[in-house]
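Chemist: This is the structure, below, for whatever I ask next.
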Amino acid sequence: MTKTISRRDFLKLGTASVGAFAVGQMLPPMVAKAAKDSGVLNAAGDGHISSMCEMCVWRCGLIAKIVKGRVVKLDGNPDHPHSRGNLCPRGQSGLMNTYDPDRVLTPLIRVGKRGEGKFRPASWDEALDLVASKMTEIKNKYGAEAMVFSSTHNLSQPLFENLLYAFGSPNYGTQRSLCFNAMIVANTMTYGMEEPARIYDDKLKYILLTGRNLLEAISTSETHDLIMAIDRGAKVVYLDPRYTKTASKATEWLPIKPGNDLAFHLAMLNVIISENLYNRGFVEKNTIGFEELKKEVSRYTPEWAAPLTGISVETITRIAHEFATAAPHALAHNGWRTSNFVNSFQTQRAITILNALIGNWGVTMTAGAGEESGTLGAPSQPPYPRVSALRLDGVPWKYPVVPFKIGVFQEMRDNIVSGDPYQAHGWFISRQNPVMSLPDRGKTLKAFEKLDFIVTMDIILNDTSWFSDVVLPEASYLERYDPLVPIGDKVFIRQPVIEPQGEAKSALWIYKQLGERLGLGDYFQYKDEEDYLRQQLAPTGVSLEEIKEKGFAEFKEISHAEEAAELAWSTPSGKIELYSDTLAKVGFSGVPTWEEPPQPENGQFYLLTGKVAQSTQFGTQNNQLLHKYSDEPRLWMNAQTAAKLGLSTDDWVEAESPVGKIHIRLLATQAIRPDCVYMTPGYGHISKGLKTAFGIGAADSVLHVTYTDPISGGQALSQTFVTVKKA
Amino acid sequence: MTEIKQHAFLFDATRCIDCRACMVACSVENNIEMDKTRIWVSGIGVKGEYPDLQRGTMVYHCMHCDHPDCMSACPVGAYTKADDGPVTYNPDLCIGCRYCMNACPFGVPHFDYDKGIIEGAFIDKCTFCPQRIYNGQEPACVQTCPTDALEYGERDELIKKAHARIAARPNHYIDHVYGEHENGGTSYLIISHIPFNELGLPNLPETPVNEVSEKVMEMTIPFAIGWGAVLTGVAAGVNLYNKKKEKAQVEEKAEESK
């Protein structure tokens with residue numbers, strides 16, 4: 001047979017110095033004491049424990065099979081709405097994150113120069129005392145705001161926020177501006193919520209995906225929903241400059257010119273309004289600003305959009321007709337990593353409004369069931385101290401409509417370098433890898449040079465920990481408790497299925513220990529992890545034992561989903577805002593408007609990045625099981641273009657942007673527009689502490705230029721242009 | 001006595017997104033070494049010229065044939081076809097001859113060249129996850145599949161399901177269930193929008209290949225006995241000739257020493 005993955009591919013691991021072990025040959029077993037005590041595991045340490053995945057942010061329910069105290073298999077939990085019994089390749093490989101031979105299993109203190117990777121093991125007491133004393137020193141000398149904090153979306157984030165806000169710093173970086181700020185801010189301005197939920201029911205007829213590569217950037221249940229919708233005959237129109245795996249399953253793939261999704265969607269609005277194809281009743285009752293919108297989009301005809309998008313007038317018009325005809329059983333998906341160009345906010349506004357015009361609310365879209373912990377209790381704590389210092393990320397003084405809790409991460413980094421409006425001196429980084437994730441790696445490393453102290457918390461020595469002064473080893477998601485999370489009328493638990501290896505500790509423990517050392521113990525009023533969870537459950541009448549056994553519990557008082565779907569939006573007007581006064585007041589257009597995206601010059605290419613099903617962002621490339629089944633990361637180039645440049649597959653090429661250059665092997669393929677190149681992020685590691693991933697591929701962050709959308713604060717991740725030549 | 005129902009896999013290429021969750025799941029469940037696998041991806045990759053493109057992938061492991069060629073080729077009976085579906089391999093009987101590898105029309109059994117004869121277990125292939133299916137679970141590859149491209153169940157039911165799915169959307173599928181009859185039937189059934197040979201599947205007759213080969217193979221024992229007799233005769237003749245020659249040489253030397 002013609003194998004696209006042949007046996008030969010597996011020799012790459014067999015010959016690697018990391019050794020070719022099966023999972024079962026890894027570290028010695030560690031019985032989860034709590035599970036054994038409660039009888040979930042038998043005396044030999046065998047049994048099944050329910051918990052929650054953390055290989056991405058989707059948080060599928062899982063059931064871990066434990067044999068002699070070792071986790072040997074993970075299966076999806078059929079009772080969990082996000083997994084429905086399935087797990088994606090990352091979820092399946094999760095135990096290899098825990099059993100990674102490169103795990104950091106003891107606190108580390110740097111002994112060499114920064115970036116040399118020389119550390120010595122230390123006790124928790126020594127490491128935490130050092131971190132607390134450095135943080136206090138910075139606070140005393142320069143003020144609490146000189147200490148910046150950043151962390152990526154996770155369940156212990158409320159405690160991380162306690163740490164930084166109680167400490168008194170306004171500087172909080174999340175990954176969101178590198179991902180979906182455009183979408184979140186657009187939805188907030190339009191619907192008054194970050195992200196409405198999507199409904200894939202039996203009647204769904206038409207799905208418009210704007211760069212949402214749902215079959216490679218897998219969200220288990222939604223990926224399943226999409227495939228089942230296709231199976232039932234729903235039409236899927238997919239806009240992407242790349243022929244992804246999603247493109248191959250779509251009814252229609254439109255290789256749109258990068259940066260011009262906005263033109264496409266403005267033209268959609270134009271046709272639907274000018275031909276009266278919108279849901280008049282819904283629009284009149286539930287929206288404001290229709291006339292302003294109508295006036296603005298009247299100039300965005302399909303004839304205007306066709307040359308910009310590379311999509312014909314007929315196609316744009318037909319899709320607008322089809323979409324409106326399928327209404328209300330039609331859905332225009334916002335996409336996920338939506339910050340692609342500085343005009344992406346306008347694109348996102350146009351998409352949200354497209355949905356509003358056809359009145360699909362309550363049919364294919366609804367208020368998210370949400371993962372708000374409002375229904376749960378929490379330990380009591382004093383109010384945060386008042387902070388008067390400006391935020392380094394420019395919110396709100398430079399970015400007036402960006403929500404505080406999402407921020408503008410790349411701007412914070414830039415202002416660490418510039419020292420403006422003040423100089424930062426320390427950075428606490430938890431479960432995050434800004435060296436890889438922020439654009440312009442060189443600049444991030446420059447920011448590090450400005451800092452007196454860097455501390456990171458992670459399970460492996462990623463590229464950011466590599467440059468740290470102290471590394472705090474966190475327990476992996478299979479080894480620890482995290483705060484509970486409600487989804488709809490159920491509450492789910494992440495609990496240890498094995499005991500932490502080495503000296504690794506949970507975030508709940510680490511933040512509390514640090515808080516106490518900083519004199520902030522009142523913000524961490526729980527004895528241990530289980531006590532925190534019990535306090536969360538106190539108002540619900542559900543016992544921790546019950547939830548530990550099944551992995552979830554149903555609330556006694558069911559919150560009514562119907563209520564959430566009721567037509568009330570938390571915008572200033574209480575309606576869906578086609579025209580946003582909030583935007584207009586701070587000097588932006590109140591309705592979606594055209595902003596011309598920059599274009600590559602002759603000889604330059606758009607640099608695209610995207611997701612593959614076998615890795616998540618920048619943290620899973622060292623997982624041996626995922627490495628085993630991943631494709632070698634290459635720079636994709638259209639085959640005809642490559643031929644013209646005298647390049648072919650496997651050639652080593654040099655790609656250069658205004659801020660850096662990389663060497664990478666080429667993949668000449670038909671699956672991309674001739675004016676684009678593509679690379680998978682997450683490779684090209686600096687850290688030699690990652691023995692599986694080190695030396696593979698190249699880092700997109702070396703090439704990415706920092707361009708920030710002035711409205712949403714999103715980093716424009718597809719706006720970097722590169723030249724490519726034979727290396 | 002209850003009838004033992006034959007079980008099978010159904011793979012739907014229109015649903016497969018090439019995510020490889022099945023491959024990882026199999027590797028973990030069966031503790032496969034990092035440089036080996038029991039599931040592969042085959043297919044057309046990306047076919048056509050930009051922007052008129054097509055993509056199609058198939059994951060496959062042992063097809064668990066009703067008339068397994070590996071089994072008929074195996075000289076020591078290391079393979080068994082169970083009534084409920086699985087084709088199983090017994091490493092204790094295997095002598096490492098690799099006939100099964102050559103016999104399998106799907107290229108499934110893989111020989112472990114890293115191991116010596118004493119270590120045993122030369123051939124690696126899908127087992128049907130007996131540790132799971134006899135404990136009320138689906139095989140690891142099936143259970144994890146995020147798009148239900150892989151399903152598991154009674155073979156008759158899956159065949160009905162496959163035909164129903166094709167009938168419901170005739171333009172979406174090729175009207176054929178691969179493995180229903182191929183090679184006398186397999187327990188890995190495939191439906192697809194891409195021609196089966198382009199997915200990498202061989203065109204096989206409905207009559208199992210080994211029905212022919214087994215007839216030939218049945219001849220091998222009498223043939224071997226007959227051939228053995230001939231060889232024995234030849235050996236005896238050679239031996240006799242050598243002895244005579246030796247004797248002559250000894251006599252020659254005796255002559256010289258005089």
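Chemist: Spot the failing condition for residue B:93; the list is (1) at pLDDT 95 or above; (2) more than 26 Å from residue A:90 (Cβ to Cβ), and only one is missed.
Modeler: Failing condition for residue B:93: (1).
Chemist: Would the range A:261-283 turn up any residue that is among the acidic types (Asp, Glu), part of a helix (DSSP H, G or I) and either within 14 Å of chain B (Cβ to nearest Cβ) or over 28 Å from the mean Cα position of the chain (by Cα) (or both)?
Modeler: No, because not a single residue in the range A:261-283 is among the acidic types (Asp, Glu), part of a helix (DSSP H, G or I) and either within 14 Å of chain B (Cβ to nearest Cβ) or over 28 Å from the mean Cα position of the chain (by Cα) (or both).
Chemist: If a residue must be buried (at least 17 other Cβ atoms within 10 Å of the Cβ) and not in a helix (DSSP H, G or I), how many such residues does the range A:286-333 contain?
Modeler: Count: 14.
Chemist: Another question, if that's okay. Kindly establish whether residue A:432 is farther than 16 Å from residue A:150 by Cα and either assigned to a loop (DSSP other than H, G, I, E, B) or at pLDDT below 95 (or both). Full working, then the answer.
Modeler: Working: farther than 16 Å from residue A:150 by Cα: no; either assigned to a loop (DSSP other than H, G, I, E, B) or at pLDDT below 95 (or both): yes.
Taking the combined requirement at face value, the residue does not satisfy it.
Chemist: Check whether at least one residue in the range A:25-39 is more than 20 Å from residue A:484 (Cβ to Cβ), modelled with pLDDT of 90 or more and not hydrophobic (A, V, I, L, M, F, W, C), and report yes or no.
Modeler: Within the range A:25-39, not a single residue is more than 20 Å from residue A:484 (Cβ to Cβ), modelled with pLDDT of 90 or more and not hydrophobic (A, V, I, L, M, F, W, C).
Chemist: Then there's this: May I ask you to list the residues in the range A:402-432 that are crowded, with 21+ Cβ neighbours inside 10 Å and closer than 18 Å to residue A:345 by Cβ?
Modeler: A:402, A:406, A:407, A:408, A:409, A:410, A:411
Chemist: Here's a follow-up. Any idea which residue in the range A:76-90 is modelled with the lowest pLDDT, counting only those that are in contact with a Ser or Thr (Cβ under 7 Å, 6 or more places away or on another chain) and buried (at least 24 other Cβ atoms within 10 Å of the Cβ)?
Modeler: To start, the set of residues in the range A:76-90 that are in contact with a Ser or Thr (Cβ under 7 Å, 6 or more places away or on another chain) comprises A:76-77, A:81-84, A:86-88, A:90.
Now restrict to residues that are buried (at least 24 other Cβ atoms within 10 Å of the Cβ): A:76-77, A:83, A:86-88, A:90.
Working: A:76: 96, A:77: 94, A:83: 90, A:86: 96, A:87: 97, A:88: 97, A:90: 98.
Among those that are in contact with a Ser or Thr (Cβ under 7 Å, 6 or more places away or on another chain) and buried (at least 24 other Cβ atoms within 10 Å of the Cβ), it is A:83.
Residue-by-condition table, conditions (1) among the aromatic types (Phe, Trp, Tyr); (2) part of a loop (DSSP other than H, G, I, E, B); (3) assigned by TED's automatic domain parsing to the domain that holds residue B:72:
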| site | (1), (2), (3) |
| --- | --- |
| B:97 | no, yes, yes |
| B:142 | no, no, yes |
| B:161 | no, no, yes |
| B:173 | yes, yes, yes |
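Chemist: Ok, one more. Would you point out the residue of the range B:10-53, among those that are in a strand (DSSP E or B) and more than 7 Å from every other protein chain (Cβ to nearest Cβ), that is farthest from residue B:125 (Cα to Cα)?
Modeler: Per the stated criteria, the residue is B:52.
Chemist: Mind listing whichever residues of the range A:678-692 are away from chain B (no Cβ under 14 Å) and crowded, with 19+ Cβ neighbours inside 10 Å?
Modeler: A:679, A:680, A:681, A:682, A:683, A:684, A:685, A:686, A:687, A:689, A:690
Chemist: Consider the range A:624-654. How many of its residues are assigned to a loop (DSSP other than H, G, I, E, B), among the hydroxyl-bearing types (Ser, Thr, Tyr) and surrounded by fewer than 20 Cβ atoms within 10 Å (Cβ to Cβ)?
Modeler: In the first step, residues of the range A:624-654 are kept if they are assigned to a loop (DSSP other than H, G, I, E, B); the result is A:629-634, A:645-651.
In the following step, the residues that additionally are among the hydroxyl-bearing types (Ser, Thr, Tyr) were identified as A:629-630, A:648-649.
Subsequent filtering for residues that are surrounded by fewer than 20 Cβ atoms within 10 Å (Cβ to Cβ) retains A:648-649.
Selection size over the range A:624-654: 2.
Chemist: While we're looking at this one, here's another question. Show me the strands (runs of 3 or more DSSP E) entirely contained within the range A:450-529 in which 3 or more residues are surrounded by 21 or more Cβ atoms within 10 Å (Cβ to Cβ) and modelled with pLDDT of 95 or more. Walk me through how you get there before you give the answer.
Modeler: Working: elements: A:453-458, A:470-473, A:485-487, A:490-492.
Per the criteria, A:453-458, A:470-473.
Chemist: Please tell me if residue B:171 is out of contact with any strand residue (DSSP E or B) (no Cβ under 7 Å at 6 or more places or on another chain), within 26 Å of residue B:21 (Cα to Cα) and free of Cβ contacts under 8 Å to residues at least 12 places away in the same chain.
Modeler: Criteria not met by residue B:171.
Chemist: Next question. Cβ contacts < 7 Å: first residue surrounded by fewer than 23 Cβ atoms within 10 Å (Cβ to Cβ), restricted to the range A:212-227; second residue part of a helix (DSSP H, G or I), any location; separation 6+ or different chain. Result?
Modeler: Short answer, once both residue conditions are applied: A:213/A:246; A:216/A:245; A:216/A:246.
Chemist: Continuing with the same structure: Restricting to the range B:94-108, count the residues that are of a type in the set (A, V, I, L, M, F, W, C) and free of Cβ contacts under 8 Å to residues at least 40 places away in the same chain.
Modeler: Of the residues in the range B:94-108, 6 are of a type in the set (A, V, I, L, M, F, W, C) and free of Cβ contacts under 8 Å to residues at least 40 places away in the same chain.
Chemist: Of the conditions (1) under 18 Å from residue B:25 (Cβ atoms); (2) assigned to a strand (DSSP E or B), residue B:127 satisfies every one except a single condition; which number is it?
Modeler: For residue B:127, the failing item is (2).
Chemist: How about the range A:218-235: which of its residues are outside any helix (DSSP H, G or I) and under 10 Å from residue A:88 (Cβ atoms)? I'd like the intermediate steps shown before the answer.
Modeler: Here is the first cut: in the range A:218-235, the residues outside any helix (DSSP H, G or I) are A:218-219, A:232-235.
Result: A:218, A:219.
Chemist: Mind checking which residues of the range A:593-614 are at pLDDT below 95 and of a type in the set (A, V, I, L, M, F, W, C)?
Modeler: Within the range A:593-614, none qualify.
Residue-by-condition table, conditions (1) of a type in the set (Phe, Trp, Tyr); (2) in the same structural domain as residue A:143 (by TED's automatic domain parsing):
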position: A:378; (1), (2): no, no
position: A:391; (1), (2): no, yes
position: A:395; (1), (2): no, yes
position: A:400; (1), (2): no, yes
position: A:404; (1), (2): yes, yes
position: A:407; (1), (2): no, yes
position: A:412; (1), (2): no, yes
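Chemist: In the range A:370-392, is there at least one residue being farther than 30 Å from residue A:147 by Cα and under 20 Å from the mean Cα position of the chain (by Cα)? Before the answer, list the steps.
Modeler: Step one: of the range A:370-392, the residues farther than 30 Å from residue A:147 by Cα are A:370, A:375-376.
Now restrict to residues that are under 20 Å from the mean Cα position of the chain (by Cα): A:370.
Checked the range A:370-392: at least one residue is farther than 30 Å from residue A:147 by Cα and under 20 Å from the mean Cα position of the chain (by Cα).
Chemist: Residues in the range A:655-672 that are farther than 17 Å from residue A:717 by Cα and either over 28 Å from the mean Cα position of the chain (by Cα) or assigned to a loop (DSSP other than H, G, I, E, B) (or both): how many?
Modeler: Adding up the residues that qualify gives 3.
Chemist: What are the residues in the range A:109-160 that are at pLDDT below 95, part of a helix (DSSP H, G or I) and surrounded by 15 or more Cβ atoms within 10 Å (Cβ to Cβ), if any?
Modeler: Hit for the range A:109-160 is A:157, nothing else.
Chemist: For the structure I just gave you, tell me whether residue A:681 is in contact with a strand residue (DSSP E or B) (Cβ under 6 Å, 6 or more places away or on another chain), free of Cβ contacts under 8 Å to residues at least 40 places away in the same chain and assigned by TED's automatic domain parsing to the domain that holds residue A:618. Walk me through how you get there before you give the answer.
Modeler: Details: in contact with a strand residue (DSSP E or B) (Cβ under 6 Å, 6 or more places away or on another chain): yes; free of Cβ contacts under 8 Å to residues at least 40 places away in the same chain: no; assigned by TED's automatic domain parsing to the domain that holds residue A:618: yes.
Against the criterion (in contact with a strand residue (DSSP E or B) (Cβ under 6 Å, 6 or more places away or on another chain), free of Cβ contacts under 8 Å to residues at least 40 places away in the same chain and assigned by TED's automatic domain parsing to the domain that holds residue A:618), residue A:681 does not qualify.
The values are calculated or read from the model by the stated rules, or taken from the named source; none is laboratory data. The shown structure was predicted, so the numbers you read here are calculated from the model rather than taken from an experiment. Ideal geometry is used to build each Cβ from the backbone, glycine not excepted, and the neighbour counts take in all protein chains shown.
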